[in-house]
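Taking it in order: structure first as structure tokens, then the write-up.
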Amino acid sequence: QVQLQQSGPGLVKPSQTLSLTCAISGDSVSSNSAAWNWIRQSPSRGLEWLGRTYYRSKWYNGYAVSVKGRITINPDTSKNQFSLQLHSVTPEDTAVYYCARLVGGAPDIWGQGTMVTVSS
Amino acid sequence: QSVLTQPPSASGTPGQRVTISCSGSRSNVGSDTVNWYQQLPGTAPKLLIYSNNQRPSGVPDRFSGSKSGTSASLAISGLQSEDEAEYYCAAWDGSLNGYVFGTGTKVTVL
């Protein structure tokens, strides 16, 4: 079955870059029917979709307005995974970060979540 | 931050029926399908209902979804203790060009 395994640091300093990776098993990051998303959750902001990457004959990305300009989501076909980079973080970016597969309009498979704290 | 509005809490005794509402707008619930998620403490959200009223394999038929206009609902029939969780609605928003979630509803089994 499809599984997503997240990895990355749980503590990031203010103004630095948050980097997380999501390894895919049971599906392909190059799938023509899936999109690969990052979503975060915090008490103050609730569940918040951050962006996605997907392949439809070529690669596309889409990002939430709230983080546009600070976010990069990249696929890595050689390792069948995708990554999140969030630049210039502040304590407001403290949250649990999830990767998720979206198929047929619904994120159906989620990673285990990574608690990321932004603090000096 | 959440674009879709849900009641903060709902409750019922075992065996009762509980309904959770989700209010959106023309750019999200009104123009795209609604999905529902169940989240137990310390775990990732789990897809409960997709495309307004479809259940993924393994989800009990006690859970059902519906949509009308810019509102949607999740019903839990025959409430069980293991249904105690947070529930979220979600949909694609064409104006924001992004996926949006509800504010969440905490269901308590009395």
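The values are calculated or read from the model by the stated rules, or taken from the named source; none is laboratory data. If you're wondering where the values come from, they're calculated on a predicted model, not measured in any experiment. Every residue, glycine as well, gets a Cβ built from its backbone with ideal geometry; the counts of neighbours run over all protein chains shown. With ligands, DNA and RNA removed, areas are computed over all heavy atoms of the protein, side chains included. Shrake-Rupley method; radii C 1.70, N 1.55, O 1.52, S 1.80 Å.
When A:67, A:96 are screened for being more than 18 Å from residue A:10 (Cα to Cα) and hydrophobic (A, V, I, L, M, F, W, C), only A:67 passes.
As for region A:55-70, it holds no residue that is closer than 25 Å to residue B:50 by Cβ and in contact (Cβ under 8 Å) with a residue 40 or more places away in the chain.
Sort out which residues of region A:103-120 are open to solvent by less than 60 Å² (accessible area, probe 1.4 Å) and at pLDDT 95 or above, and write them in order of number.
A:109, A:110, A:111, A:113, A:114, A:116, A:117, A:118, A:119
Screening region B:1-47 for residues that are aliphatic (A, V, I, L, M) and more than 10 Å from the chain's Cα centre (by Cα) and picking the one that is modelled with the lowest pLDDT gives B:3. For residue A:69, the conditions (1) open to solvent by 40 Å² or more (accessible area, probe 1.4 Å); (2) at the interface with chain B (Cβ under 8 Å from one of its Cβ atoms); (3) at positive phi all hold with the exception of (2). For region A:28-51, check the following and say yes or no: at least one residue is open to solvent by 60 Å² or more (accessible area, probe 1.4 Å), in contact (Cβ under 8 Å) with a residue 24 or more places away in the chain and away from chain B (no Cβ under 14 Å). Yes, that holds for at least one residue. Close contacts from region B:42-62, counting a first residue that is closer than 24 Å to residue A:95 by Cβ and more than 11 Å from chain A (Cβ to nearest Cβ) and a second that is crowded, with 21+ Cβ neighbours inside 10 Å and at pLDDT 95 or above, with Cβ to Cβ under 9 Å and a gap of 6+ residues or different chains, come to none at all. Of all residues in region B:93-107, those satisfying the criterion of being part of a strand (DSSP E or B) and either open to solvent by 50 Å² or more (accessible area, probe 1.4 Å) or closer than 25 Å to residue A:1 by Cβ (or both) are B:99, B:101, B:106.
Can residue A:100 be described as over 21 Å from residue A:112 (Cβ atoms) and either facing another protein chain (nearest Cβ under 10 Å) or hydroxyl-bearing (Ser, Thr, Tyr) (or both)?
On the way: over 21 Å from residue A:112 (Cβ atoms): no; either facing another protein chain (nearest Cβ under 10 Å) or hydroxyl-bearing (Ser, Thr, Tyr) (or both): yes.
The answer is no for residue A:100.
With respect to the conditions (1) over 12 Å from the mean Cα position of the chain (by Cα); (2) modelled with pLDDT of 95 or more; (3) within 14 Å of chain A (Cβ to nearest Cβ), residue B:77 lacks only one, and its number is (3).
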